[in-house]
Every structure is written in structure tokens, then in C-alpha cells.
Amino acid sequence: MSTTLRLLLSLLCIICVDVHATSYPISPRPLRKLVIESDAIIVGNVIKVYKKETPKKRKKNISYTNYSYARIVISEVLQGNVYNDTIEIPFTPNMVCPAPARYYEKTTVLVFLDVTQKGYTTHALSYGAKTLDSVGIKIYKSRILEMQDILKISNSTSQKNETVEWLVKCSENPVTCWEGVFELSPGSDFMSSYSHDTDPTFGSYLNAAQKAKLKEAFLSSLDFNYHDFGLSDLVYKENQKEIDTVLLEKLKTLSPNKYWCAWDFMARLKHLNNSPEMENLLKIQKELEFKHNNEIERKKVIDEFVSLVEKNH
């Protein structure tokens with residue numbers, strides 16, 4: 001799926017609604033990097049969202065960008081200095097690629113901020129604004145405070161070991177799972193194609209106890225999420241048959257709204273029946289990603305794939 005989806009993302013960028021959008025998705029910013037890079041981190045309540053059209057000169061022409069503003073009453077500052085009780089943050093909800101930060105009235109948000117003399121902006125666009133419930137806020141707050149302490153460790157080896165343990169802790173919880181899995185197994189996520197500074201070594205530091213925790217997180221996942229592929233990849237070597245069985249069952253019960261990731265399942269399971277028929281089904285599944293309203297076709301390919309696997313076992 002990765003190649004196809006990258007092409008689709010690139011196409012979205014070309015037709016991007018906002019004229020000031022950059023050409024490609026930005027480098028993914030998991031939680032650890034957000035803590036390192038942000039001038040400030042706040043928790044607050046969005047009390048108002050309003051639109052504002054701002055004229056801006058661009059070369060010889062004048063272009064108009066539709067900005068929205070989120071008015072946020074701050075309840076807690078987790079990092080940096082924010083002296084205002086209420087702040088306003090601009091964002092561009094009509095931007096397609098890269099994905100913008102988005103804010104909604106009457107919600108609680110965790111926001112990673114860039115602070116300048118002109119005011120506040122969301123760091124890393126969509127990655128830097130997280131709309132969460134009270135449980136999510138509590139979990140993220142704990143992970144942020146832990147990472148702040150880890151960053152104070154002067155010994156580089158100790159800091160790396162503590163970081164890996166922290167990434168495992170993130171991966172164990174569905175709320176923060178992607179934050180940990182992306183850094184432990186970046187190649188499992190198609191967005192790693194846009195990551196310019198991912199450290200690929202964190203996963204190599206995992207010990208047996210940590211891998212056991214990741215395996216349990218994968219096996220206990222009730223509803224399939226894309227980052228579950230990362231969990232399965234991290235523990236696959238030691239648990240091949242078990243992981244294959246789980247992936248096959250998840251593929252068989254995959255809901256239609258998640259058929260877009262069927263190819264990723266099939267690519268991981270095709271070794272169970274390495275045949276020309278299997279390769280052809282993967283090719284067809286990839287081609288279907290360019291089509292709309294094709295649930296019936298995709299389901300047929302999935303069923304044929306499963307049949308080939310089960311026929312061989």
C-alpha cells in the first residue's frame with residue numbers, strides 16, 4: 001500500500017485548497033519530538049472558533065487566505081512560559097496537504113506551541129493539536145512529564161535506555177500507541193517516507209521483557225488500527241506463527257471502512273502461499289486503491305487471498 005498511498009498523498013498536495021500549503025506532508029512528529037521542539041505546551045478549553053480573512057501580498061498579485069482562529073482558555077501549562085490566561089491560535093482548516101491543526105468549540109485540547117513576538121502558532125500542524133477527553137489528557141500529561149525528566153539525563157546511554165522504555169509504555173496504551181510505535185518501528189508506517197530525521201535504532205534496543213509487553217499490546221488490541229502493523233513487526237521474529245494467525249484473522253474480519261489497508265495485511269502474509277496467484281491478488285488489491293466505492297471488489301480479493309492461504313495450511 002505504501003507506494004500507492006504516497007502517490008495519492010502527492011496528488012492531494014497538488015490539488016491543495018490552500019495556496020500557501022507546502023508541497024508534501026511534513027515529517028511526522030511523535031510525542032517525544034513535540035516535547036523537544038515546542039516552545040510551550042498547554043492544556044485548555046476551546047471556547048470559540050471564528051473565521052477571519054486576511055489579505056496577503058504574494059509577488060505581484062494579492063492572495064487571500066481564509067484563516068480561522070481558536071480562542072482557548074488555558075487550564076494548565078506543561079512546558080514553557082505562557083503568561084496569558086486566554087490565547088488565540090490561527091489555523092487553516094481548508095488546507096489539505098499537509099494536514100493542518102484543527103480546533104473545535106467546546107472541546108479540551110493539548111497544544112504544542114511555537115511562541116513568537118507576534119503570538120502563538122501550533123507546532124507541527126496536525127501533530128501539535130490533540131483533541132482529547134479527560135482520560136486522554138491525563139495519559140498524555142504523564143508521558144510528557146516523564147519525557148521532560150528523561151531529557152534531563154546527562155548520560156547518553158542511560159537516556160536512550162529510558163527513552164526506549166518510555167516508547168514501550170506509549171505503545172502499550174491505545175491512546176498513545178502511535179507515539180511509541182512510530183519511533184520503535186518507523187518503517188512500518190507509510191508516513192516514514194516523509195520522515196527526514198527518524199532515529200531507526202530505538203527498536204534495536206528492545207529487550208525480551210519489552211518485546212513481551214509489545215506482543216501483549218498487539219494481541220489485546222480489540223479493534224485494528226494501522227499502528228498495529230508496527231506492533232506486529234516489532235515482535236514478529238520471535239512469534240511468526242502466532243502473529244501470522246492473528247493477522248489472518250484480523251484480515252478475515254476487516255471492516256469495509258478499513259479495506260484501504262488490506263494490502264498491508266496481504267504483503268505480510270503472502271509468504272504463506274508464495275504463488276503467482278498470490279502475487280496477482282496483491283497487484284489487483286493495490287490497483288483497487290485508486291478506485292472509489294469498490295468494497296465488493298476488495299472483499300472478493302480478500303476472500304480469494306484468505307482461501308489461498310488456508311488451502312496451503
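The values are calculated or read from the model by the stated rules, or taken from the named source; none is laboratory data. Keep in mind it's a predicted model, so treat the numbers as computed, not measured. Positions of Cβ are backbone-derived with ideal geometry, glycine not excepted, and every protein chain shown enters the neighbour counts. Quick note on the areas: whole protein, heavy atoms, side chains included, nothing else; ligands and nucleic acids left out. Shrake-Rupley method; radii C 1.70, N 1.55, O 1.52, S 1.80 Å.
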Query raised in the report: How many residues, within the range 287-299, are farther than 20 Å from Ser255 by Cβ and either part of a loop (DSSP other than H, G, I, E, B) or touching a helix residue (DSSP H, G or I) at 6+ places or on another chain (Cβ under 7 Å) (or both)?
Result: 1
Query raised in the report: Taking Gln210, is it under 14 Å from Leu31 (Cβ atoms) and open to solvent by less than 60 Å² (accessible area, probe 1.4 Å)?
Result: no
Report task. Could you tell me whether Asn274 is open to solvent by 50 Å² or more (accessible area, probe 1.4 Å) and either touching a residue at least 60 places away in the same chain (Cβ under 8 Å) or farther than 21 Å from Thr176 by Cα (or both)? Result -> yes
Requested in this report: Kindly indicate the residue of the range 170-207 that is β-branched (Val, Ile, Thr) and either open to solvent by 10 Å² or more (accessible area, probe 1.4 Å) or over 9 Å from Leu231 (Cα atoms) (or both) and also modelled with the lowest pLDDT among those meeting that condition.
Outcome: Thr198
Requested in this report: Could you pull out the residue among Arg143, Arg102 that is under 17 Å from the mean Cα position of the chain (by Cα) and open to solvent by 60 Å² or more (accessible area, probe 1.4 Å)?
Outcome: Arg102
Requested in this report: Please work out which residue is modelled with the highest pLDDT, limiting yourself to the range 214-225 and to residues that are under 16 Å from Thr176 (Cα atoms) and surrounded by fewer than 17 Cβ atoms within 10 Å (Cβ to Cβ).
Outcome: Glu216
Query raised in the report: Is the range 64-72 home to any residue that is modelled with pLDDT of 55 or more, on the phi < 0 side of the Ramachandran plot, open to solvent by less than 20 Å² (accessible area, probe 1.4 Å) and not in a strand (DSSP E or B)?
Result: no
Report summary line: In the range 238-255, anything over 21 Å from the mean Cα position of the chain (by Cα), assigned to a helix (DSSP H, G or I) and of a type outside the set (A, V, I, L, M, F, W, C) is listed as Gln240, Lys241, Glu242, Asp244, Thr245, Glu249, Lys252
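Each row is one residue, and each column tells you yes or no for (1) of a type in the set (D, E, K, R); (2) farther than 30 Å from Ala208 by Cα.
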position: Glu88; (1), (2): yes, yes
position: Tyr104; (1), (2): no, yes
position: Leu110; (1), (2): no, yes
position: Tyr127; (1), (2): no, yes
position: Thr131; (1), (2): no, yes
position: Arg143; (1), (2): yes, no
position: Ile153; (1), (2): no, no
